[in-house]
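One structure is given below, encoded as structure tokens.
Quick note: the coordinates plus some simple rules give every number you see, no bench work behind them. If you're wondering where the values come from, they're calculated on a predicted model, not measured in any experiment. Neighbour counts run over all protein chains shown; Cβ positions are idealised from the backbone, glycine included.
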Amino acid sequence: MFRHLSIHKRLAFVLWGSVLLAFVAAGAGLLLYQALTLESRARQIMEPYAQMVAVGTDAAVAFADPLRAQEILDTLRANPQILAAEITLDDGRSLASFSNVLDARAQQQSEKPDGIYLGSDAAQLLQGLPKGGRLRISMSLAQLSAQTHQAMWMFGAGMLVLLAATLIQMAVLRRTIVRPIASLTETTELVRARADYTHRIPVSGAGELARLGQSFNAMLEGIQQREDDLRRLAAFQRTILANAAYSIISVTPEGIVTSFNPAAERLLGYTADEVAGKQTPALWHDPQEMAQHARVLSSELGETIAPGFEVFAARPRRGLTEEREWIFTRKDGTRVPANLSVTALRDEGGNITGFVGLIYDLTERKQVEAEIHQLNQELEQRVAERTAQLTEANKELEAFAYSVSHDLRSPLRHIDGFLGLLKEQLAATLDAQSQHYMDTISKSVKRMGELIDDLLSFSRMGRQEMTRGPVDLGALVEDVIHEFEPETKGRVIHWHIGELPVVVGDYAMLRVVLANLVSNALKFTQTREQTAIEIGCLPDTSGHENETVVFVRDNGVGFDMRYANKLFGVFERLHSGKDFEGTGIGLANVHRVVSRNGGTTWAEGKVNGGATFFFSLPRENPSVARIAPSKATASQPCPLNEGLIAQVGSETE
Amino acid sequence: MRTILHSWVIALLWMLYLPGLVASQELALANPTRVKAAFLRNFAHYVNWPAAAFTDSSTPWHICILGPDPFGDILETSLKGRTEQGRSFEVFRAETLDQLPSCQIVFLTYKDDARRRAVLDKLKNRPILTVGDAPEFLHEGGTIRFQVDDRVRLSINLDQARVAALTIQTRMLEVSSEVLDNGIVRKMR
């Protein structure tokens, strides 16, 4: 009960209680003291008289002289406190006595032993006398109790002063403690009831209560600050939620919707009031899709995921990302593809307090994707058509070129044949001039034949079906060089053949490539006294990673790098046919073959500084891998540091 | 305040019961023989004997009755178990003085004046307290006389006491009714 009292009442209770207690304890103590000391105080008064009477009446008692005894007893009358006195002889006779009051008890008490007997308003002293007989003195306690009463009055006055002091203390306490606390309490209740943090407590002084008030004010200020911050943040958050293009839905850890922003309302057709606190996201999800995803998640996470809200929460719960496309069912039943990503909300302790789902409509993106897909398909179809047309045209052209070349050969053979016959018949008759004409015609015919042969060969290179397989370039180079031995008889030629890898390609075609390059090298070094030809491969060069680069270098006439791009065209020649014979088809053939094998060709050189021709072949060819899955499905890389055996310039013989 | 009130009440009571004071002064009459026996004993206290009166320090008091015995056992009863100055009491009774040992107190009960005078004369110069009832006892040379009216009173012959080398204490004189001093009888009351 004490607990429900106000501070003021409690303080009053305690103070008045202690005052009352002090009053009662002191009063009781005083009374007790008075009562306990009453006998000794009475004795202090009566005993000297008794002693005096005993001595004085000694002889009177001994010789039973009432007069003398009475004389002595009468001296006691001088003290008004003595009410009565009597001397009784051993045989019970009263020797002498006087009495101020009638004391009925005197006779009864005469039988009692010596001592002091306290009555309500009188004390009686009984004492035996030395010569026999007894003395009884009876005294009034009025004066002693008057002393007690005086003490009580003093005590009462003291208590009144104490009460007055208590009243003043109460007033002081009320002013310095109770009122500030009451105002603090009132303000606290006001703040709590209205959540209005603008109130302040009036603070004065520097005591604990003032400090408490100041601290409370400071706390209120802090709370107000935070409240403002929170309000701003909440407004910011509301603005974001209201205006975001994404649907944002937050749910409890169990899945009950807690917020549903306008974008979500637009996307799903439900209003926030319809779902908040009532529904789970299962409302707008296809149960079949959820069940399917639950199975996927179960196998993925290795534990059973129930096909319900857990489908969305299982991964975020485990700290994994959850983002995928779903088909949402709107309120009107229409279905919308949308992307949903779910994030877990966690408190400071890492416990999940809910989930937030971010949804964006994929309808437009799906449409755009479909359009792009359609356009791509159309484009691809068009390209395929064009390619088919071009291939057709190319084939026709090549067939045309082949048939033309082929058809040109037979009239040319006729011209050559009949020119031979004509020369035999007219050999004797022809003058020198005519003989020269005849030879020129014959040479031109032969050259034309070579041109036609090369054209046919070039044409074949384009049309021929490729048969890929492992090709040992080293062996191939040796073979080619061997083939050129008749032509190089009498020339001083230093061959530097590096170690060459095994590559994947068409053997016959690669042979054409190497034959053309070696032929070229020999041709353009005819003017050199000593010919140096180097064949090798380069380790990985920039721009040709995963490719095997093979080069053929000579110390021939070289070329101007300005025309390097023209080298590999058909009929392109940097040197006149007078200086070096040739049809201008060889390098074009090289380019075509290397291209068909997936590689590139290029050349370096300078006028009278020799030339180097490079070609590259891809090291791996996936399309081939499917055809011949063996160890030879990929070209080997170039053996390191084996490509260059010696510098051309340093060669001396 | 209350003190004053109390005082008033006490004063009132005082006035109401004042007559009672006089009544209490009357002493009820007792057996005079018993009183006399007690007196004989008390004399041992209030009278001083010279040391020569006793044979040695442990000799008891000798209280002697000369003549017809009025006490019976009353005297023995009165003295029984009592001591005075470290001495107990012994009572001797005889018809003639010769039959008595040396006594400190002699109670003379002879009715015959001549016999009484003869004994008193014999004891005159000895440290013996002579006690008697006879009206002329003091003039006959006795030391203390019992006078019985409403109560037992004492008359003392200080001259005889001096002759017998006995000292009678003043306290005893205070309670006596007549004192014979230097041949003059003085009434004490």
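Structural remarks
- When each of B:LYS124/B:LYS187; A:LYS395/A:LYS489; A:LYS131/B:LYS187; A:LYS366/A:LYS395; B:LYS80/B:LYS122; A:LYS423/A:LYS566 is checked by Cα-Cα distance, pairs over 32 Å: A:LYS395/A:LYS489; A:LYS366/A:LYS395; A:LYS423/A:LYS566
- Percent antiparallel among DSSP beta bridges (both partners in the protein assembly as shown, rounded to 5): 75
- What the phi angles of segment A:60-68 give under the Karplus curve with 6.51, -1.76 and 1.60, with θ = phi - 60°, is a coupling list of 4, 6, 4, 10, 6, 9, x, 5, 4 Hz, glycine and proline written as x.
- Approximating the spin labels as points 7 Å out from Cα along Cα→Cβ, the A:VAL172-to-A:VAL368 distance works out to 8.3 nm.
- Farthest toward the positive end of the dipole of segment A:424-543, out of A:VAL492, A:ALA432, A:ALA508, is the Cα of A:ALA432, where the dipole comes from beta carbon charges about the Cα centre.
- Net lengthening on full extension, A:ASP121/A:THR527 (0.36 nm per residue, minus Cα-Cα): 129.0 nm
- Under 20 Å from A:LYS331, Cα to Cα: lysines that are on another chain or at least 8 residues apart: A:LYS278
- Residues A:ALA195 and A:TRP16, FRET efficiency given R0 of 41 Å [Cβ-Cβ distance, rounded to 0.05]: 0.55
- Computed helical MRE - 222 nm, chain A, DSSP H runs ≥ 4 contributing -39500 (n - 2.57), nearest 500: -17000 deg cm²/dmol
- Close amide-amide hydrogen proximity is noted between A:ILE497 and A:ILE535, each under 5 Å apart and 5 or more residues distant or on a separate chain (H modeled in the peptide plane; Pro and chain starts excluded).
- Extension gain for the segment A:VAL55 to A:ARG386, taken as residue separation times 0.36 nm less the Cα-Cα distance, is 102.4 nm to one decimal.
- Cβ-based exposure ranking for A:ARG192, A:ARG200, in which fewest neighbours within 10 Å come first: A:ARG192, A:ARG200
- Exposure proxy ranking, count of Cβ atoms within 10 Å, fewest first, for A:TRP326, A:TRP153, A:TRP602: A:TRP153, A:TRP602, A:TRP326
- Fully extending the segment from A:ALA28 to A:ALA165, taken as 0.36 nm per residue of separation minus the present Cα-Cα distance, adds 47.2 nm.
- Cβ charges +1 (Lys, Arg) and -1 (Asp, Glu), total dipole of segment A:147-199, debye: 40
- Modelled spin-label separation between B:SER102 and A:THR467, with each label point placed 7 Å from Cα along the Cα-to-Cβ direction: 19.3 nm.
- Note on A:GLN425 and A:GLU604: the model spin-label points, each 7 Å out from Cα along the C-beta direction, lie 6.0 nm apart.
- Least to most buried among A:SER298, A:SER405, A:SER542, A:SER18 (fewest other Cβ within 10 Å first): A:SER542, A:SER18, A:SER298, A:SER405
- Annotation: amide H of A:SER138 within the under-5 Å range of A:LEU83, A:ALA84, A:ALA85, A:LEU125, sequence separation 5 or more or interchain, hydrogens built in the peptide plane.
- Förster radius 25 Å - calculated FRET efficiency between A:GLU323 and A:THR239 (Cβ-Cβ, nearest 0.05): 0.50
- Charged side chains reduced to their Cβ positions (Lys and Arg at +1, Asp and Glu at -1) give segment A:143-286 a dipole of some 660 debye around its Cα centre.
- Counted by Cβ distance under 11 Å from A:PHE312, the other residues give a net charge of 0, where Lys and Arg count +1 and Asp and Glu count -1.
- The angle between the Cα long axis of helix A:586-596 and the main principal axis of chain A comes to about 40°, on a 0 to 90 degree scale.
- To the nearest ten degrees, helix A:208-243 and the longest principal axis of the Cα atoms of chain A are 30 degrees apart.
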